[in-house]
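Readers should treat all values here as calculations from the given coordinates under stated rules, not as data from a laboratory. Model, not experiment: these values are computed from the prediction. Cβ coordinates were reconstructed from backbone atoms using ideal geometry, including for glycine residues, and neighbour counts include every protein chain displayed.
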Amino acid sequence: MSGKSKHPGSKSVGWALVQAARLHRSRMGDRLAELGLFAGQEQVVQALAAEGQMTMGELASILRVRPPTASKTVSRLAALGLVERRAEPDDARVVRVGLTAEGAAKAEAIAALWDDVESELLGDFDGKDRKRLRKLLRKVARNLAEATGADARGLDAADEEPDEPDVDEPPPRAPRTALGEDETVKDAAAPTLAHSA
């Protein structure tokens, strides 16, 4: 027997995916703690920031969790003053959840934090590698959703982000202005979250 032993899952894509997911969740957990949040709470804040007010069922569907799970997280976020519940004026049985002003500010901080961790995660990937990885992970998720009968909505969305330039490529240049100055074209579609990968 050699001095070095290999993990039995070392050639498994699933094992590698689980390890990467654990490390990502741990890193996000550490960074979220700086904001006074726990892992998972940021997903509720981000969903509400992206979609606006919604019912608990709608929120649970977006997060791919059961409504009681979403409700428990919303209760904790409400205690922190980040979300609020409001009954529908026409039907008090229907409750909508939305961000407070403090929650909206926290959503911006989460988006910046997510971008930081994403940069750490994909630091040495060029734009093509990032896009390919997103596509492959969506395909993996679709395959598993199909095999388990889970909700696959959003997993087949086209990659809406443009290819990111390679790190060594200079940014594109805009045409000269009337004054003859060169201006760098800024990417208006810079990624924010997620993120919805």
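List the lysines whose Cα sits under 26 Å from the Cα of residue 131, skipping any in the same chain fewer than 8 residues away.
Counting by Cα, and skipping residues close in sequence, residue 131 has these lysines nearby: 11, 139, 186.
What length, rounded to one decimal in nm, is gained on full extension from residue 150 through to residue 133, with 0.36 nm per residue of separation minus their alpha-carbon distance?
Working: separation 17, 0.36 × 17 = 6.12 nm, distance 2.18 nm.
Result: 3.9 nm gained on full extension.
Residue 30 versus residue 53, label points 7 Å from Cα toward the beta carbon: distance in nm?
4.0 nm
For the residue pair residue 66 and residue 109, what label-to-label distance in nm results when each label sits 7 Å from Cα along the Cα-to-beta-carbon direction?
3.2 nm
Would you please put 14-20, 77-83 in order of how densely packed they are, using the mean number of other Cβ atoms within 10 angstrom per residue and starting with the highest? Could the numbers behind the result be given before it?
Details: 14-20: 12.0, 77-83: 17.6.
Descending mean neighbour count gives 77-83, 14-20.
From the square roots a ≥ b ≥ c of the eigenvalues of the alpha-carbon gyration tensor of region 40-147, which class results: rounded (a/c under 1.5), prolate (a/b over b/c), or oblate? Working shown, then result.
Values: a/c = 2.92, a/b = 1.61, b/c = 1.81.
In terms of gyration-tensor shape, oblate.
Using a 7 Å offset from the Cα along the Cα-to-Cβ direction at both residue 16 and residue 117, what is the distance between the two label points in nm, to one decimal?
It is 2.2 nm.
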